[in-house]
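Below: one structure, written as structure tokens.
Values in this text are rule-based calculations from the coordinates and carry no lab data. Predicted model, so just to flag it, every value in this text is computed and none were measured. Quick reminder, even Gly has a Cβ in these numbers, built from the backbone with ideal geometry, and neighbours come from all protein chains shown.
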Amino acid sequence: MNRGDVNEIPVQPVTAGSAWRVAVCRIEAMSLRRFLLWAAGLFLLLSLFAYLPMWPGDPHLMVNCVCGDSVQQSWYLGYVPWAIVHGHNPFFTTYVDYPRGVNLVSNTTMPLLGVIFSPISALFGSVSTYNLLMWLAYPVSAISMTYVVGKWSRSNAASLLAGLVYGFSPYVAHQGYGHLNLSFVPLPPLILYVLYRIFVVQSGNSRRWGLGLGLLVVGQFYISAEVVVSTLLVSVVGLIIASLARRSELTTDRVRFVTGALVPGVLVVLLLTAYPVAFQFFGPDAVKAPAQASIGNPYRADFFGSLVPTSFEQFAPVSAQALGNKFTGGALVENGSYLGIPLFILFALTLFRFRRHGWMLLCGALATFSWVLSLGPKLVVAGHATGIVLPFDFLGQFKVMNDLLPARFSLMETFFVVVTVAMGLTLWRQEFATALRKEPRRRPLRYVGRPTAVGLSLGVVASLIALVPNWPIPVVSNSNSVPPFFSTSSANAIPSGSNVLTYPYVYPNFSENALLWQISTNWRWKVMGGYFEIPGPYPDSVVATPWPTPPLDVADYLEYWETLSSSSSGAAPAVTATLISDTKVFVNRYQISTIVVDLATAHATAAVRLFSAAFGRATSEAGVDVWFSPASLAK
């Protein structure tokens, strides 16, 4: 493939014979820079519907739930810049899961986003930063795709379609329920574009392109290592295919340009990622087992996933949604493979019509390759496992690949499907323009008549309608998750840098609230619980709960009441003399400076009963019972 494969798509003016043609002419007449500003405004406006009534950066609401990844990622965004400013290692912390600590590189920390948006966190809190970035993920991803396709196709209309489909795709919209690290994807299109400039166009300073590529890869690594690995994997396959197809063009000059770009690019990547990568695999409490276990994990696309919608799509038959909801083990957030029948038809027609066009063949091949990888190690058809082994079964055996979830390759599939369709529409429009102008050509194109043009236009509209997300995504208030105590001056009585025992404590679905308490007090103290990936109790295992620390009967007692429900069985643990004694040992062993019980938590009275028996009457204030210096209060 040479640079002519893309640049042979010139934009020709269309005779203004109808309103829509006039509109297209005006759009195409804009400079790319001006058009990008117009498109950015459109994307920002559309994104406002994602989380209504939450406004971008709202600190009082959270996406989907006040739990799990939403709380965890809010914590990450604030902690990393706080740790850097205060001289702590941003890759490891004992401020959660004390005393063991957490290897943050083994978790989805997103340090680049945390550092860039640290002023927002400092002014309004990292929950505000999280909500702002969740909203920004749509428009910035869309505008990045618009820019790249605009440079490739020289068509503003085609690039607008590409930006809409990519930035608001089911992959991005589904991950928008709480996975900021996966929904914030403006860099993959830019990485692929720079690779194209280095390997195909080869104009300008090779060293600068290489440095740009290295910085983009590093940036994506510090947002999501999983996304950068999948992007580079598909890129390498694409470069191999292109090199084999055009091996006669691999001249010494072209190889020299590539080398001049890749050497500084690779050096930048190694220099800026070597330490965190080494820390991830060899640092304290490194998670050596795959957190998600791609082999055997249900998060894989179904064979019909590209055609069957879920309830996360706005316009679709209920029966089809019911089927799609069963894919990826019923985890709708991870089912981002849907493209819709109209877009799939456009993709297939484009490949067939321009089957001799090298660029189309390459994009079609990479879309197919990404789709096959998204199917996982074994084929699943309409929710039924077939046992047919697929290529991912081999790839998943490698250490660098075994923590990738197959379904997330849908991002790359969407990218190349969108590029194929956008470039095809540009070629079709050029043919239609030529037909209207009736210009003679040395190699006459098969002219596109008005029925075909109308059909393609309807196909584009149908594709966009099929992909409209079912917005707004639910948001909930977090005001009840942080007791008023942490907003009062009394919270300052907690010694800075000290260890705090909270209730809830043990079970992650409850102890996540304590992370919000930390955020509201600007990481004044350490918490014994948390919700993070840490090494499990067995070799090559991983867990998301803190290891209960001895004396274990204290953790067992608190966990029982935290997780108690109407279906719980077994006798409730009693507050015995042994338990009281072990609670005192617990407090002294881990140098607990403060005990805080959230009185709004279910069964908080059970925790109060235990701590009162060991340390006397609590101070009740602003929604909590608190014991300051409990060791000195021990009876």
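What to note about this one:
- Set of aspartates and glutamates near Lys526 by C-alpha distance (under 16 Å), chain-local residues within fewer than 8 positions excluded: Asp97, Glu512
- Among the cysteines of the chain, those with no neighbouring cysteine Cβ under 4.7 Å are Cys25, Cys363.
- Dividing the helix sum by the residues of the chain, where each DSSP H run of 4 or more adds -39500 (n - 2.57), gives a mean residue ellipticity at 222 nm of -16500 deg cm²/dmol.
- Helix 19-29 axis, angle to the chain major axis (alpha carbon atoms, nearest 10°): 80 degrees
- Listed values for region 196-204 are Karplus-derived 3J(HN,Hα) couplings in whole Hz (6.51 cos²θ - 1.76 cosθ + 1.60, θ = phi - 60°), namely 4, 5, 6, 8, 10, 5, 6, 10, x, and x replaces Gly and Pro.
- Crossing angle, helix 32-47 versus the chain [Cα axis fit, 0-90 degrees, rounded to tens]: 40 degrees
- Rounded to the nearest 10 degrees, the angle from helix 604-615 to the longest Cα principal axis of the chain is 40 degrees.
- Lysine pairs in region 4-466 with Cα atoms under 29 Å, if 8 or more residues apart or on separate chains: 5
- Which labelled figure in [x] 44, 28, 24; [y] 40, 30, 22; [z] 51, 25, 23 is semi-axes √(5λ) of the Cα gyration tensor in Å, once derived from the coordinates: [z]
- Counting other Cβ atoms within 10 Å as a rough exposure proxy, the listed residues His179, His88 run His88, His179 from fewest neighbours to most.
- With contacts taken as Cα pairs under 8 Å and at least 6 residues apart, region 4-466 reaches a relative contact order of 17 percent.
- Fewest-first ordering of Glu28, Glu621, Glu512 by other beta carbons within 10 Å of each residue's beta carbon gives Glu621, Glu28, Glu512.
- Near the amide H of Glu313, within less than 5 Å, lie the amide hydrogens of Asn470, all on another chain or at least 5 residues away, with H placed in the peptide plane.
- The antiparallel fraction among DSSP beta bridges confined to the chain stands at about 75%.
- From least to most packed, judged by other beta carbons within 10 angstrom and beginning with the fewest, Lys399, Lys526, Lys584, Lys151 follow the order Lys399, Lys151, Lys584, Lys526.
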